[in-house]
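Following: one structure in structure tokens, then a few remarks.
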Amino acid sequence: MANERLLILGGNSFLGLHLTRDLAAKYNTTPTYLTNRPSDFNFVRCNLLSKPDLHSLGQFDYVIQYSSIIAGSNKKQQNLEMVRNAVEYANTTQAKYIYISSSQVNFTIDSDYRQSKIEAERLIQEHSANFVIIRPSAPYGSPLPFAFTRQQPFHVLANLVSRLPVVPVIGNGQYLRQPVHVTNLNALVEKCLTAPTRNRVYEIGGPKQLTFNAIIDIISMARSKHTFKLHLPNFIFRIASHMTNFIDAELVNAVRSDEQSNNETWQELGGLDLIPFEQGVTDLFG
Amino acid sequence: MQAGLVDSTPPRPSVLITGCNGYVGRNLIKLLGDTVNFIGVDCMPGGHESELIDLRDATSYTQLDKYTFDYVLHCAWDQISRNIYENNMQCARNLFNYLDQKIPQGLIFISSSFASTTTGIQYTRSKIAFENMLFESGIPFIIIRPDMLYSADEKKMQEHRSYMKKGFALCIGNGQSLRSPTHINDLVQLVHRIITTKQFTNKVYEIGSPIPYSQEQILRIVAASIGRNPFIVKIPTFVAQFLFQVTKKVDPEQARTIGYDRVADLRALREDFDLQPRDFNTGVTQ
């Protein structure tokens, strides 16, 4: 495996960097970044919108794409263009292409981000010669010593719970999430590399669904404290979203959708011990 | 030459250079004119042109029929109009249509560090679109992405110095974003090396100061080079955007990208061309 070449597009994202750290010793790994270069590993710059940038990277056995624009205008068009270029590149170099999509494709409330993921998946299914699509649900894991361009939602929440007696919640907080630990997600990615299966869509979430309120309670318990939840209407968060890049205005709307992952989808690759959130929550604090 | 002796001097390469009267074009001609036959084109007279051509006008390319050339150096670029994208794309389409018949041995495209780091503005989108068209054209190529081209006699550098002599310097935003200013002579040296070695690698190269500096540090270095210690006036981004719109000297959209770091990744340049660009601290007086 050490000779197999692995390209991780968006290796400087939270999930990409976790995978880079997990697989660097096992594969000949090249992670990419756009604006913010981690000092460890052999990061190379790549703007996925530029085909010559991508093809400058050379030949790989596997291409894993995390890169995605989450906030801001025009994200749908740019996300699709990035996926189109990456698929074309993987086809040309005969690499297996693994696309990290999102459980948001199953959300009932629409958003540009969701649409970009749905259309990206369609594009991959129509044009990729050898692909796996993975839809993680609310992935979380330990913080890493790197200044990410965007803070991780679970880390922000854990920080708020740790520091404040009151935490603001969008709406009634009864919407469901199925948080998956990054260790489980990475294990699935690794299975996809070694398995002969191709052209599959896998969903991965934690072992059970939790309301957002329950997630706050579990984080609070891990800090041995009680946190009051301040339920606020959407419009306040929408206003706040214009002042920070942490949350996109349209995602504030979509957040009320329930999240449900079908963990049966990847059983053909063998079992995984899914980490319950009650157990994995301690990792949020480093 | 004596009868019977063969002239062993290799023939001077012929290069079609677009935007020959711009800052990059005229410096390339000034510094490489002794070793390269330039066929200069520009839409504005400036003394270096062989032909005055508006590259947006497809019919004007017939003016070039009387020339032959080995390589193309594409420097012409609309940076400040309201229709940056469309103007540059019109040039690009015409240029590639024309080059379809000429089949040059290589094309060097002077792109921009914006293509490495920021995506959402017309200027960057047009640079990336040209890179993609070049990639698909089948012409052997090199893409160079300099950042903040400068030399002692460059217009903006002189403008900054004139303000500094009056006791102040202008900085947009908080002045903390990193830049890798590129000395024009380093760019010229790279172009010379590509043309003389005929090394068209079909890759992208970033070039700039090996040590990145914040915008504020850059101003301090420029000020120190003329023995001044000016008061730095920090202009909020939205004010700068308004001023750019009024003065039409800079693309107003670029004000939106002020907060992004642009740090050159020089590894490919060093590996493939053994080139070590100068540090801004050294280059500022050259």
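Brief remarks follow.
- Hz values of 3J(HN,Hα) by residue in segment B:197-207 - Karplus curve (6.51, -1.76, 1.60), Gly and Pro given as x: 8, 6, 8, 9, 8, 6, 10, 10, 10, 8, 9
- Mean separation of Cα pairs under 8 Å and 6 or more residues apart, divided by the residue count, gives segment B:24-87 a relative contact order of 22 percent.
- Computed per residue of chain B from DSSP H runs no shorter than four, each worth -39500 (n - 2.57), the mean residue ellipticity at 222 nm is -11000 deg cm²/dmol.
- Calculated log₁₀ intensity ratio I(q)/I(0) where the Debye formula runs over C-alpha points of the protein assembly as shown, q = 0.05, 0.09, 0.10 Å⁻¹: -0.25, -0.78, -0.94
- In segment A:150-286, Cα pairs under 8 Å separated by at least six residues give a relative contact order of 42 percent.
- Size of electric dipole in segment B:185-241: Cβ of Lys, Arg +1 and of Asp, Glu -1, about Cα centre, debye, nearest 20: 80
- Selection among A:I239, A:I219, A:L185 by position relative to the dipole of segment A:154-259 gives A:I219 as farthest towards the positive end (Cβ unit charges, Cα centre).
- The residues B:C43, B:C75, when put in order of fewest to most other Cβ atoms within 10 Å, stand as B:C43, B:C75.
- Segment A:38-157: C-alpha gyration tensor shape, a/c 1.5 cut-off, then a/b vs b/c: oblate
- The magnitude of the dipole of segment B:146-286, with charges of +1 and -1 set on the Cβ of Lys/Arg and Asp/Glu and taken from the Cα centre, is near 460 debye.
- Of B:L52, A:V156, B:Q254, farthest towards positive along the dipole that unit charges on Lys, Arg, Asp, Glu beta carbons give the protein assembly as shown: A:V156
- Rounded if a/c under 1.5, otherwise prolate or oblate - segment A:198-241, Cα gyration tensor axes: oblate
- Projecting the Cα atoms of A:V87, A:Q209, A:G10 onto the dipole axis of chain A, where Lys and Arg carry +1 and Asp and Glu carry -1 at the beta carbon, places A:G10 farthest toward the positive end.
- Separation of alpha-carbon centers, segment B:252-273 and segment B:21-76, rounded to whole Å: 27
- Computed over segment A:140-286, the convex hull of the alpha-carbon atoms projects to a mean area of 9.8 nm².
- Helical runs (DSSP H, four residues minimum) scored at -39500 (n - 2.57) apiece and divided by the length of chain A put the mean residue ellipticity at 222 nm at -10500 deg cm²/dmol.
- Computed P(r) (all Cα pairs; chain B; 10 Å bins; percent): 6, 26, 35, 22, 8, 2, 1, 0
- Rounded to the nearest whole angstrom, the semi-axes of the ellipsoid equivalent to segment B:26-86, taken from the Cα gyration tensor as √(5λ), stand at 21, 16, 10, largest first.
- Put simply, the amide H of B:G40, placed in the peptide plane, has neighbours under 5 Å in B:I17, B:S50, B:E51, leaving out anything fewer than 5 places away on its chain.
- When the Cα gyration tensor is reduced to axis lengths a ≥ b ≥ c, the ratio a/c is 1.5 or higher for segment B:207-286, and with a/b not above b/c it is classed as oblate.
- Phi angles of segment A:17-34 translate, via the Karplus equation with coefficients 6.51, -1.76, 1.60 and θ = phi - 60°, into HN-Hα couplings of 6, 4, 5, 4, 5, 6, 9, 4, 7, 9, 10, 7, 9, 10, x, 10, 9, 10 Hz per residue; Gly and Pro are given as x.
- Label-point separation in nm, A:N262 to A:R200, each point 7 Å along Cα→Cβ: 1.4
- Exposure proxy ranking, count of Cβ atoms within 10 Å, fewest first, for A:K75, A:K208: A:K208, A:K75
- Fewest-first ranking of A:Y89, B:Y98, A:Y140, using other Cβ atoms within 10 Å as the exposure measure: B:Y98, A:Y89, A:Y140
- When only Cα pairs below 8 angstrom with a gap of at least 6 residues are kept, chain B shows a relative contact order of 18 percent.
- Distance from segment A:144-205 to segment A:208-286 (C-alpha centre basis), Å: 8
- Two-decimal log10 I(q)/I(0) for chain A, as the Debye equation yields it once each C-alpha is a single scatterer, q = 0.08, 0.12, 0.13 Å⁻¹: -0.33, -0.75, -0.89
- Segment B:167-216 has equivalent-ellipsoid semi-axes of 32, 12, 7 Å, by the square roots of 5 times the alpha carbon gyration tensor eigenvalues, sorted largest first.
- Taking the Cα atoms of segment A:53-99, the ratio Rg/Rh between the radius of gyration and the Kirkwood radius comes to 1.01.
- Net dipole in debye of segment B:1-152 [+1 Lys, Arg Cβ; -1 Asp, Glu Cβ; about Cα centre; nearest 20]: 260
- Net charge of neighbours whose Cβ lies under 12 Å from the Cβ of A:I70, counting Lys and Arg as +1 and Asp and Glu as -1: +2
We did not get these values from a lab; they are worked out from the coordinates using the rules stated. It should be emphasised that the depicted structure is a prediction, and the values quoted were computed from it without experimental measurement. Glycine also receives a Cβ, built like all others from the backbone with ideal geometry; neighbour counts cover every protein chain displayed.
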